[in-house]
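*Asks:* Before we start, here is the structure in question, set down as structure tokens.
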Amino acid sequence: MSIFSSTSSNTKGDDTNNRNNYNNDTIDGEELRDLAQKAGRQVKNFIHDKSEQAAELKDKAKDKITTHPFEAIGIAALGGLILGFLLKR
């Protein structure tokens, strides 16, 4: 009988400790707001960086097309033919 009573009391103590640990691991409103703002800044920076990369690629493509217009027309025509054959199936 003492085995069950000691197990029972240890279980209650462990449960209380678990609740205390859980409460220490929770995030209050201010920390949550800070994390959300940090995540927002990271997303904003990511989008900004990718927008700059897209603009650079657009400028490079435009430069290639203006310096080699016949090659650009040939590549576009070949791409159109390949796409047409693939979609026809």
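*Asks:* Taking the condition of being open to solvent by 100 Å² or more (accessible area, probe 1.4 Å) and modelled with pLDDT under 55, how many residues in region 17-31 meet it?
*Replies:* 2
*Asks:* Still on this structure, I have one more. Would you point out which residue out of Asp14, Asp34, Asp59 is part of a helix (DSSP H, G or I), surrounded by 10 or more Cβ atoms within 10 Å (Cβ to Cβ) and at pLDDT 95 or above?
*Replies:* Among Asp14, Asp34, Asp59, only Asp59 is part of a helix (DSSP H, G or I), surrounded by 10 or more Cβ atoms within 10 Å (Cβ to Cβ) and at pLDDT 95 or above.
*Asks:* Okay, moving on. Enumerate the pairs (first residue in region 33-51 and of a type outside the set (Val, Ile, Thr); second residue anywhere and open to solvent by 90 Å² or more (accessible area, probe 1.4 Å)) with beta-carbon separation below 8 Å, excluding pairs fewer than 6 apart on the same chain, so at least 6 apart or on different chains.
*Replies:* Leu35/Ile27
*Asks:* For region 39-63, what are the residues that are under 28 Å from Ile73 (Cα atoms) and among the small types (Gly, Ala, Ser)?
*Replies:* Correct list: Ser51, Ala54, Ala55, Ala61.
*Asks:* Collect the residues in region 67-89 that are surrounded by 11 or more Cβ atoms within 10 Å (Cβ to Cβ) and assigned to a helix (DSSP H, G or I), keeping them in residue-number order.
*Replies:* Passing the criteria: Glu71, Ala72, Ile73, Gly74, Ile75, Ala76.
The values are calculated or read from the model by the stated rules, or taken from the named source; none is laboratory data. As the structure is a computational prediction, the values presented were derived from the model and not from experiment. We place every Cβ from the backbone using ideal geometry, glycine too, and count neighbours over all the protein chains shown. SASA here: full protein model, heavy atoms, side chains in, ligands and nucleic acids out. Shrake-Rupley method; radii C 1.70, N 1.55, O 1.52, S 1.80 Å.
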